[in-house]
Amino acid sequence: MRRIRLVPDDTRIPFFRYRWIAFAWSFIVLLGAILAEPTIGLNYGIDFKGGILLEAKTPGPADLARMREVLGGADLGDVELQTGGAPDDVLIRTSAEAGDEAQQQAAIGKIKDTLEKGYGSGLVYQRAEFVGPKVSSELLMDGVYAVLVSLAGVFAYLWFRFEWQYGLGAIASLVHDVSATIGIYAIFRIEFNLSSVAAILTLVGYSLNDTVVIYDRVRENLRRYKTMPIAALLDRSINETLARTLMTSLTTLVALIPLWLLGGLVIRDFTIIMIWGVIIGTYSTIYIATPVLYYLNIRPHSSEPEPAKAEAAARPKAKAKVSAA
């Protein structure tokens, strides 16, 4: 039985030939992302703006759509609802007006009264908390630190596993992906919250995984084809891993697209960013991470194992001794 192949064997797509078109496109995307942040700004969620958190138990399975409709018409600001681990456990977060303790209690009372009138009686409130500006700013900085630490770890890992050129290439690719993703949040006014930080970190891991696979093939080919021009060698490496790259991307999209279409409002923003991350991560691996090696002057000797280097260095000396004899 003949196997179905996503990519034919021995493909020779000249990716490197179109690098300047890709560079121009990336420049436009990054410029838009850089300009969008100070002009439009991020649409911060309650996690980063502060607000009120309520946990409630409903008499039966919670109807989140109904509760969202009731609270949405009560002038309570941004309202988020999600289940807290059980069908009858609901977490309610709202960016109600902050103030002293009396104002906070008044806002909590308004939420309870609104649900009592519009949703029905029988709700039991387990806890009520207020997330102040100081806590929300700390959460934001913790998210920034998490992304920066992940980038530093990536650079250190690739430097020790490969060479410093590979580390810089991967960092360039990841900075491109993270910057473009933050630009998407700003331009399309997608809410930026703790789930967004999780999405960005997941995107970093996905892009890095794809980059390491291609880098591993580049290193193998540098040892195998020592006289091949670097541009041709990079093209060959991308083509040899193309089937794996596309298969990974498509299978990930097969899982994400139904979540986007059918998962509801709670996870829709997260899945949109993940779909974007799969696309931009695959693109940046081919047109950012790999071309950077060319401009950092990667050469076959930089990927040659140490024993081979030592053997090559010993050969001229041995030849000289024979000549002297």
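Read the figures in this text as sums done on the coordinates, not as results from a lab. Predicted model only: the values in this text are computed from it and were never measured. Heads up, the Cβs are rebuilt from the backbone with ideal geometry, glycines too, and the neighbour counts pull from every protein chain shown.
If R0 equals 30 Å, the separation of the Cβ atoms of Ala243 and Val147 corresponds to a calculated FRET efficiency of about 0.45. Extension gain, Thr83 to Asn209, is 42.1 nm, computed as 0.36 nm per intervening residue step minus the present C-alpha separation.
Placing R0 at 25 angstrom, the Cβ-Cβ distance between Trp164 and Asp9 gives a FRET efficiency of 0.15 after rounding to 0.05. In this simple spin-label model, placing a label point 7 Å from the Cα along the Cα-to-Cβ direction at both Asp63 and Leu253 gives a separation of 3.8 nm.
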